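Following: one structure in structure tokens, then a few remarks.
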Amino acid sequence: MMKILIVAATEPEIEPLLAHFNIKRPFDVLITGVGMVATAYALGNYFTLNQQHLVINLGIAGSFDRGIALGEVVEIVSDNLSELGAEDGDAFIAIKNLGFGESQYYTTASLGNYLTNAALKKTTAITVNTAHGNEASIQKVMEQAAPQMESMEGAAFFYACQKAGVAGLQIRAVSNYVEKRNRDNWKIGLAIKNLNNFAIELISSITKV
């Protein structure tokens with residue numbers, strides 16, 4: 001049987017999935033905590049003690065792309081540590097251009113290999129320590145990285161999977177658009193519902209449970 005690990009920053013993001021399978025879960029669960037540091041540490045520690053065939057990162061995220069509907073579920077295929085680098089006046093120099101490493105990471109698996117009828121949009125993302133909510137900084141990061149999505153864990157997840165040599169998928173649902181912070185516009189409940197419905201379909205297809 002395929003060994004699957006579900007990774008999430010917080011338990012509420014995957015609570016419906018856990019409730020659906022209850023005690024007969026055909027997967028392991030790792031709640032990392034919010035942020036790239038917590039995610040990298042939790043996954044690095046986990047991978048030294050366990051082996052998995054597939055690791056799935058589930059979570060909600062903000063979208064820069066207004067063509068993606070609130071609540072929509074997407075597959076992140078590339079993710080960028082957009083803050084990793086140096087400032088040079090008004091310009092930003094990515095860590096790669098400084099010659100000190102990489103900031104761009106990619107999925108190590110393809111959703112189509114596990115769910116033949118998957119019709120999710122494949123999107124790009126950035127991973128940040130501070131979620132954007134200022135018009136000037138939003139415009140700047142869009143010019144710098146042209147992202148579609150934003151989370152606080154995704155690139156760290158891809159990095160850990162790459163280093164461990166395991167197949168990793170990042171699946172997220174849009175809870176809000178990246179704009180000046182306005183909680184009245186958020187659709188967290190809808191995003192979590194759609195994310196978990198998709199995750200249940202995916203896990204059921206893989207495990208036949």
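Can you list the HN-Hα couplings for the stretch 103-113, worked out from phi with the Karplus curve (6.51, -1.76, 1.60; θ = phi - 60°), rounded to whole Hz and with x for Gly and Pro?
10, 9, 10, 10, 4, 10, 8, 10, 4, x, 6
So what are the stretch 82-209's ellipsoid semi-axes, whole angstrom, largest first, if each one is the square root of 5 times an eigenvalue of the alpha-carbon gyration tensor? Spell out each step's value before the answer.
Values: eigenvalues 172, 91, 20 Å².
Value: 29, 21, 10 Å, ordered largest first.
Need one number: nm distance between label points at Gln51 and Arg181, each 7 Å from Cα along Cα→Cβ, rounded to one decimal.
4.5 nm
With a 1.4 Å probe and all protein chains left in place, how much of the accessible area of the chain comes from carbon and sulfur atoms, in whole percent?
The value for the chain is 51 percent carbon and sulfur by accessible area.
Per residue, how much accessible area does the chain have with a 1.4 Å probe, in Å²? Don't jump to the answer; show the numbers that get you there.
Details: 10370 Å² over 209 residues.
Result: 50 Å² per residue.
Lys and Arg at +1, Asp and Glu at -1: add these up for the other residues within a Cβ distance under 14 Å of Asn185 and post the number.
Values: positive: Arg66, Lys180, Arg181, Arg183, Lys187; negative: Glu179, Asp184.
That works out to +3.
Can you tell me the FRET efficiency between Ser110 and Asp28 if r is taken as the Cβ-Cβ distance and R0 is 22 Å, rounded to the nearest 0.05?
Working: r = 21 Å, r/R0 = 0.98.
Approximately 0.55, to the nearest 0.05.
Of the DSSP beta bridges with both residues in the stretch 69-131, give the percent that are antiparallel, rounding to the nearest 5. If you can, show how the numbers build up before the last one.
Numbers: 7 of 14 bridges.
Around 50 percent of the beta bridges assigned by DSSP in the stretch 69-131 are antiparallel ones.
In terms of Cα to Cα distance under 13 Å, which aspartates and glutamates are near enough to Lys140, apart from those fewer than 8 places away along the same chain?
Those aspartates and glutamates meeting the cut-off are Glu83, Glu87, Asp90, Glu179.
What figure in square angstrom, to the nearest 10, would you give for the accessible area of Ser78 with a 1.4 Å probe?
Here the residue's solvent-accessible area equals roughly 10 Å².
Size of the dipole of the chain about the Cα centre, Lys and Arg at +1 and Asp and Glu at -1 on the beta carbon, nothing else charged, in debye to 20? Intermediate values should be presented prior to the final figure.
On the way: 16 positive and 20 negative charges, 151 e Å.
Here the size comes out at about 720 debye.
Between Glu102 and Thr10, take the C-beta separation as r, use R0 = 35 Å, and let me know the FRET efficiency to the nearest 0.05.
Values: r = 27 Å, r/R0 = 0.78.
It comes to 0.80.
Taking a probe of 1.4 angstrom, what is the accessible area of Glu72 in Å², to the nearest 10?
For Glu72, the solvent-accessible surface is approximately 50 Å².
Of Lys121/Lys163; Lys122/Lys163; Lys3/Lys24, which ones are farther than 18 Å apart at the Cα?
Working: Lys121/Lys163 26 Å; Lys122/Lys163 23 Å; Lys3/Lys24 14 Å.
Beyond 18 Å between Cα atoms: Lys121/Lys163; Lys122/Lys163.
log₁₀ I(q)/I(0) of the stretch 23-116 at q = 0.11, 0.23 Å⁻¹, via Debye over equal Cα point scatterers, no solvent, to two decimals?
-0.49, -1.40
Give me the percent of DSSP beta bridges within the chain that run antiparallel, rounded to the nearest 5. Write out the running numbers ahead of the final one.
Details: 13 of 41 bridges.
Here the share of antiparallel DSSP bridges comes out near 30 percent.
Run the quick spin-label model on Ala146 and Lys208: label points 7 Å from Cα toward the beta carbon, then report their separation in nm to one decimal.
4.4 nm
Step through the residues of the stretch 65-80 one at a time and calculate ³J(HN,Hα) from phi using the Karplus curve (6.51 cos²θ - 1.76 cosθ + 1.60, θ = phi - 60°), rounding each to whole Hz and writing x for Gly and Pro.
8, 6, x, 9, 6, 4, x, 5, 9, 9, 9, 7, 10, 9, 9, 10
What does the charge add up to near Tyr159, with Lys and Arg as +1, Asp and Glu as -1, over the other residues with Cβ less than 12 Å from its Cβ? Present the calculation step by step, with values, prior to reporting the outcome.
Numbers: positive: Lys163; negative: Asp79, Glu102, Glu153.
Taking every Cβ under 12 Å from that of Tyr159, the sum is -2.
If you place +1 on the Cβ of every Lys and Arg and -1 on the Cβ of every Asp and Glu, how big does the dipole about the Cα centre of the stretch 159-209 come out, in debye to the nearest 20? Present the calculation step by step, with values, prior to reporting the outcome.
Working: 8 positive and 3 negative charges, 27 e Å.
Dipole about the Cα centre, nearest 20: 140 debye.
The values are calculated or read from the model by the stated rules, or taken from the named source; none is laboratory data. Please read all numbers here as calculations on a predicted model, not as lab measurements. When we count neighbours, we look across all protein chains shown, and the Cβ atoms used for this are built from the backbone with ideal geometry, even at glycine. The protein model used for the area step is the full one, side chains on, heavy atoms only, and it has no ligands, DNA or RNA in it. Shrake-Rupley method; radii C 1.70, N 1.55, O 1.52, S 1.80 Å.
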